[in-house]
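Here is the structure we will look at, set down as structure tokens.
Please treat every number below as a calculation from the coordinates, not as lab data. What you see is a predicted model; the values in this text were computed from it and never measured. Reconstructed Cβ throughout: ideal geometry from the backbone, glycine too, with neighbour counts over all protein chains shown.
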There are 2 protein chains.
Amino acid sequence: MMTINTNSELSQVPFVGVNQMVNLVNTLGIKPLLSGLIDYLEQDFKQWQGFDKSPRYAAHSPEGVIELMPTGNHDKFSFKYVNGHPKNTKQGLQTVTAFGVLSDVDTGYPLLISEMTLLTALRTAATSAMMAKYLAPKGASTMAMIGCGAQSEFQAIAFNHIIGIDTVRLYDVEPEAITKCQQNLKLYDIRVIACESAQQAVTGADIITTCTADKKNATILTSDMVKDAVYINAIGGDCPGKTELEDKLLMRANVFVEYEPQTRIEGDIQQLNSDSPITEMHQVITGEKQGRTSQDELIIFDGVGFAVEDYSALRFIYDLVKENNDIQTLDLLANPQDPRNLFGITV
Amino acid sequence: MMTINTNSELSQVPFVGVNQMVNLVNTLGIKPLLSGLIDYLEQDFKQWQGFDKSPRYAAHSPEGVIELMPTGNHDKFSFKYVNGHPKNTKQGLQTVTAFGVLSDVDTGYPLLISEMTLLTALRTAATSAMMAKYLAPKGASTMAMIGCGAQSEFQAIAFNHIIGIDTVRLYDVEPEAITKCQQNLKLYDIRVIACESAQQAVTGADIITTCTADKKNATILTSDMVKDAVYINAIGGDCPGKTELEDKLLMRANVFVEYEPQTRIEGDIQQLNSDSPITEMHQVITGEKQGRTSQDELIIFDGVGFAVEDYSALRFIYDLVKENNDIQTLDLLANPQDPRNLFGITV
């Protein structure tokens, strides 16, 4: 009988659950963690051409959708599992939950399994702040935030830390969401102003973040509400039939996106003709194209979230935990000494 | 500040690792486990039309492939992650490793994460034996097995238990693989005959199982080696450019498959014209079409492995463990009391 060897290091895969992710946020601090994520995002956006970019796999049902978002390059492969079920909250469940896996392309072995509900919030805020480095007006100090849901505090902290925003002007259709965001931001050196309308929130703002949810083709921002010399970080319109900006506003602005084929379907630009001018951000990050060219420009980042960002986030977390012996591991992989003798591990 | 609630039942997902899967095999016994799998497989093949059947997602690299195999129906969704890296064995790693996830379609929440290296071996043997119930000659008692790798013992035990095979005739190009299989089957009431050629192995066999690996378009069985009144369970030819049977043999036989679009690309019938006659097995299992109609028929099951079989296997394991409080669970899902207050779990 063969030696059984299912507990060896080769069979174990590091696991970062929700408690471990919270622990990483608290140990490192949310700001250094966002900076680290941005480093990894920039590295990967600079290597854009090397990624296998495919449409997400989506299984639709009457109540929601389950998606798999794979991508990879010559070095690593990743996928994220994510669901969207708006009616879940009625049962005390989350609308969106997510987890992801990072693998080694050379062996096909999984390297990391991680929760990605929290990690997606962090990577989305990091992505927004990274884009703003290239697109926001210089010296921006005030950000309006329309939508104070699960993503709002992460956005505020990222723009405070990376862009230097010192004031956020909050608006949400539900006043208790504004209060929640205000409470959570008390620990940070950010001036928070609760507003009574989107119009009031955007008044005097250099940056406008729209991150509303659960809406169909809504118009959160109309063109007449927004002056030039503003940067709009539009991240709430992220699937077909879900938009936030008036088409006239989009047509007035220079629009930047992550990945054109996906944003044409999922982003706010789904309202425009399929040949409307846009720029992909990897071209800006590599220096191939320019981001903001003058203080007076009106710029919109039409963000929908792309698999490469999840890849970067998983790669970052993997590098954080791979040398850490305190991380939980899972015996996910069979490891018989003789690979042909799989049966041997059962006896 | 909100109550933090990441340890509640709602955030936990049952995990069946390799040790737990071995434990299930040993606790239940491999034969009852195979019978249980066949029950679930038959239930799902009878509901074939209700499944979302899509091509697998494959990320190819110079050294191998990483695949995601999703499927689902109105009730549950599943996917399997599986790699194939032939050079891994040189590094002491497995060529193929796999794990899978079962989810609730109504909420999008994962229900189970499971290792699937061992589970795939079990479901493949269960699938083969289930097909043989409909396709093998009555009273079959001797099975030739060409290829004595990781799948061989599972096949022998399944055919012994479900079909009543009492003798297996083993052949492999590597004599030590035959010895390994022979040793492992000693605990079972099966007569094992080691053979020196494929020709010798198939002599007098009612059933021939071909499960060779790591070969390109090989010809393990030629037409002149096989008499009528035989059932060939051909499961080794399972990807483009990987076949086991001579085309003349395929043309002589009635061929049954799991899912035509996939088998045309991956199965032994990739050698035939795309309109060669075949029958999908779900039609046989529902009674819509006939399986074996006479003892004299030569029948081939050209098995490649399909996502619905993984769905059945995960569903079976989930039903086994869901009421079991001893099963390990993972804190995979964030569960703030107020769904909008995701940030609250980090403070």
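What the table below lists for this structure:
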item: Overall dimensions of the protein assembly as shown by Cα: Rg and Dmax, Å; result: 28.1, 89
item: Proximal lysine pairs, the stretch B:135-306, alpha carbons under 22 Å, eight or more residues apart or interchain; result: 8
item: Inter-copy separations for B:THR27, label at 7 Å along Cα-Cβ, nm, ascending; result: 3.2
item: Hull volume in cubic angstrom per residue (convex hull over the Cα atoms of the stretch A:137-305); result: 104 Å³
item: q = 0.09, 0.10, 0.23 Å⁻¹, the stretch B:1-131: log10 I(q)/I(0) [Debye, one scatterer per Cα]; result: -0.34, -0.42, -1.48
item: Neighbour net charge for A:MET131 - beta-carbon separation under 12 angstrom, K R +1, D E -1; result: -3
item: Acute angle (nearest 10 degrees) that the helix A:117-135 long axis makes with the longest principal axis of chain A, alpha-carbon atoms; result: 50 degrees
item: Test item: A:89-97 mean partner chain Cβ contacts at 10 Å; result: 6
item: Angstrom value of the Kirkwood radius, inverse mean 1/r, which spans all Cα pairs in chain A; result: 21.2 Å
item: Tilt relative to chain B, helix B:307-321 - C-alpha long axis, 0 to 90 degrees, to 10; result: 60 degrees
item: Between 0 and 90°, nearest 10: helix B:175-184 axis offset from chain B longest Cα axis; result: 60 degrees
item: Shielding by partners, peptide B:60-70 (average Cβ within 10 angstrom, other chains); result: 5
item: The stretch A:17-66 - Rg over Rh from alpha carbon coordinates, Kirkwood radius; result: 1.16
item: Sequence ranges B:38-45, A:83-90, ranked by mean other-Cβ count within 10 angstrom, highest first; result: B:38-45, A:83-90
item: Rg(Cα)/(2.2 N^0.38 Å) for the stretch B:50-189, N = residue count; result: 1.24
item: Shielding by partners - mean other protein chain Cβ count within 10 Å, residues of A:326-332; result: 5
item: Which of B:MET225, A:MET281, A:MET251 has the fewest Cβ neighbours within 10 Å, and the rest in rising order; result: A:MET251, B:MET225, A:MET281
item: Using distinct alpha-carbon pairs, which all enter the 1/r mean, Kirkwood radius of the stretch B:238-316 in Å; result: 13.3 Å
item: Where no second cysteine Cβ lies under 4.7 Å, the cysteines concerned in chain B; result: B:CYS195, B:CYS211, B:CYS239
item: Aspartates and glutamates with Cα under 19 Å of B:LYS87, excluding same-chain neighbours fewer than 8 positions away; result: A:ASP75, A:ASP104, A:ASP106, A:ASP338, B:GLU63, B:GLU67, B:GLU174, B:ASP214, B:ASP238
item: Span from the the stretch B:280-329 Cα centroid across to the the stretch B:188-213 one, whole angstrom; result: 24 Å
